[in-house]
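To keep things clear, I will list the structure first and then write my remarks on it.
The values are calculated or read from the model by the stated rules, or taken from the named source; none is laboratory data. Predicted model only: the values in this text are computed from it and were never measured. Don't worry about glycine lacking a Cβ; one is built from the backbone with ideal geometry, like all the others, and counts go over all protein chains shown.
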Amino acid sequence: MTDTLDLTARSEAGKRLQEAALGLVPLLRSEAGEIERLGAMTPAVLAALTDAGIFKMAMPPELGGYALGARDVVEIVTALGRGDGSAAWMAFVGSGLRMVSMFPQPLVDEVFAQRDTWIGPLCVGASVFSTSVGAARRVDGGWMVSGRWAFGSGCRHTAWAAVGVEFEREGRPGRAMAVLPRKDFEILDDWKVMGLSGTSSNGITTDGEVFVPTHRVVDMAELGQLMDEAPNRYSGLAFRAGMRGAMLTVCLYNVSIALGMAIGALECFTDQAKRRKPFNLPYPTVAEMASVQVVAGKARAMTNIAGTLMRAHADEVDRRALAGEDFSAPEESEMTMDLVYATKLCEDAINSLQVALGSSTVSLSNPIQRFVRDVRVLASHGAIRLDPLAEINGRQALGLEPFRMFAGGLAQVAG
């Protein structure tokens, strides 16, 4: 489905990146098997994503990026998802650079010094907001940091990693982010998973304690002020969104991967159904089976409904950003739940297509089975798991006291 009248806040840069992403779909599908085998992007795909500007989507123009709005994000990530879920996840990895750009200027200058030469994301995050983080202790000139951090997506491709640490502040525990250069952390060989295996979401660790200069440690209690100052430091629609609008945009990065994979699965299903013959029915092709036609129609409807909702919510995020308005906590909770349910629709659509086409889809060379596994892992991510998010939102719907959470379900550890 296409819009007949564009009344969105889409940018010319966003449209160019979308076209570039669509042009990568054949490459992503051809490299998907090798991406999965490596547990990381292939050199060709990583270079293509970098050249297309995917890792600059959330960066401010002042640092060479685009600071794209939410609707642009949905269209670009959806396009990548049509090719490969792990590759689309790399766009989500790059979204963290918006937060990194808000850090104190000496750290920003250091991290972004390689922005024109680095292939891949400049910085990734690992266990930043987790309940289990590393440790930090003050020393002259900085901190000694140690720990082990899970889910460092993109860690095999990055120059820096932001990790969560706990420290003592006047006899009480405090939380901070420490930014480590690649030489200061090791990558664990622990990302052996059923789907999205090409995201290199390995754990990372230090070899004992490592020294981190003062300017590379950001106290979580300062995040609110840093976010408030960002619109004065940078231009671009991404930096006009309020805190909850920004968190909804992060959610949109996630769920748009599912939308892209659902569209991609339907494309592959359509192609294969026209070429394959039924196992035990007298039709010339699978596509002529009434049962398959019903599945295709339902899958397309589910995908269209999910896409319509994601785009509508993205447009509202952009509208409020332009108006200088943010969302209330109840609004953010309800919209996040909508987006998570849309992801469930995409997962159901993909699963139905795989079952309808039959045993030919179980071959590891068939892209449909990879979409099935990848969307299952995506939907298992803590920030967009259906039932926990439904509980959070359901408490609101029933007028019960909400949990002290943000970002659709992350424990509130800042401040």
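Summary of values
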{"quantity": "From the options VAL145, VAL100, residue that is touching a Gly at 6+ places or on another chain (Cβ under 9 Å), under 26 Å from GLU12 (Cβ atoms) and in contact (Cβ under 8 Å) with a residue 60 or more places away in the chain", "calculated": "VAL100"}
{"quantity": "Qualifying residue in region 240-261 (condition: β-branched (Val, Ile, Thr) and under 30 Å from ALA136 (Cβ atoms))", "calculated": "yes"}
{"quantity": "Subset of region 275-294 (residues that are surrounded by fewer than 20 Cβ atoms within 10 Å (Cβ to Cβ) and either part of a helix (DSSP H, G or I) or touching a Ser or Thr at 6+ places or on another chain (Cβ under 7 Å) (or both))", "calculated": "ARG275, ARG276, LYS277, ALA287, GLU288, ALA290, SER291, GLN293, VAL294"}
{"quantity": "Selection count where residues are part of a loop (DSSP other than H, G, I, E, B) and surrounded by 14 or more Cβ atoms within 10 Å (Cβ to Cβ), scope region 359-392", "calculated": "4"}
{"quantity": "Residue within region 309-326 that is over 23 Å from the mean Cα position of the chain (by Cα) and not in a helix (DSSP H, G or I) present", "calculated": "yes"}
{"quantity": "Given (1) closer than 19 Å to VAL292 by Cβ; (2) of a type in the set (Asp, Glu); (3) surrounded by 19 or more Cβ atoms within 10 Å (Cβ to Cβ), index of the condition GLU347 fails", "calculated": "(1)"}
{"quantity": "Single residue of region 295-308 satisfying the filter (within 20 Å of the chain's Cα centre (by Cα) and β-branched (Val, Ile, Thr)) that is surrounded by the fewest Cβ atoms within 10 Å (Cβ to Cβ)", "calculated": "THR308"}
{"quantity": "Residue match in region 59-76 (condition: farther than 21 Å from ALA238 by Cα and touching a residue at least 12 places away in the same chain (Cβ under 8 Å))", "calculated": "no"}
{"quantity": "Some residue of region 321-330 being among the acidic types (Asp, Glu), outside the structural domain of GLU36 (by TED's automatic domain parsing) and over 21 Å from ALA91 (Cβ atoms)", "calculated": "yes"}
{"quantity": "Boolean, ARG395 is surrounded by fewer than 18 Cβ atoms within 10 Å (Cβ to Cβ), at pLDDT 95 or above, basic (Lys, Arg) and not assigned by TED's automatic domain parsing to the domain that holds GLY195", "calculated": "no"}
{"quantity": "Residue within region 204-213 that is under 20 Å from the mean Cα position of the chain (by Cα) and modelled with pLDDT of 95 or more present", "calculated": "yes"}
{"quantity": "Complete set of residues in region 93-106 that are crowded, with 23+ Cβ neighbours inside 10 Å and aliphatic (A, V, I, L, M)", "calculated": "VAL93, LEU97, VAL100"}
{"quantity": "Residue that is in contact with a Phe, Trp or Tyr (Cβ under 6 Å, 6 or more places away or on another chain), among the aliphatic types (A, V, I, L, M) and modelled with pLDDT of 95 or more, where the choices are ALA91, ALA67, ALA79", "calculated": "ALA67"}
{"quantity": "Some residue of region 208-218 being touching a residue at least 40 places away in the same chain (Cβ under 8 Å) and in contact with a Pro (Cβ under 6 Å, 6 or more places away or on another chain)", "calculated": "yes"}
{"quantity": "Unique residue being part of a helix (DSSP H, G or I) and among the basic types (Lys, Arg) when the list is ARG10, ARG37", "calculated": "ARG37"}
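Let's see how each residue does on (1) free of Cβ contacts under 8 Å to residues at least 12 places away in the same chain; (2) touching a helix residue (DSSP H, G or I) at 6+ places or on another chain (Cβ under 7 Å):
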residue	(1), (2)
ARG115	no, yes
SER130	no, no
GLY152	no, no
PHE167	no, no
LYS183	yes, no
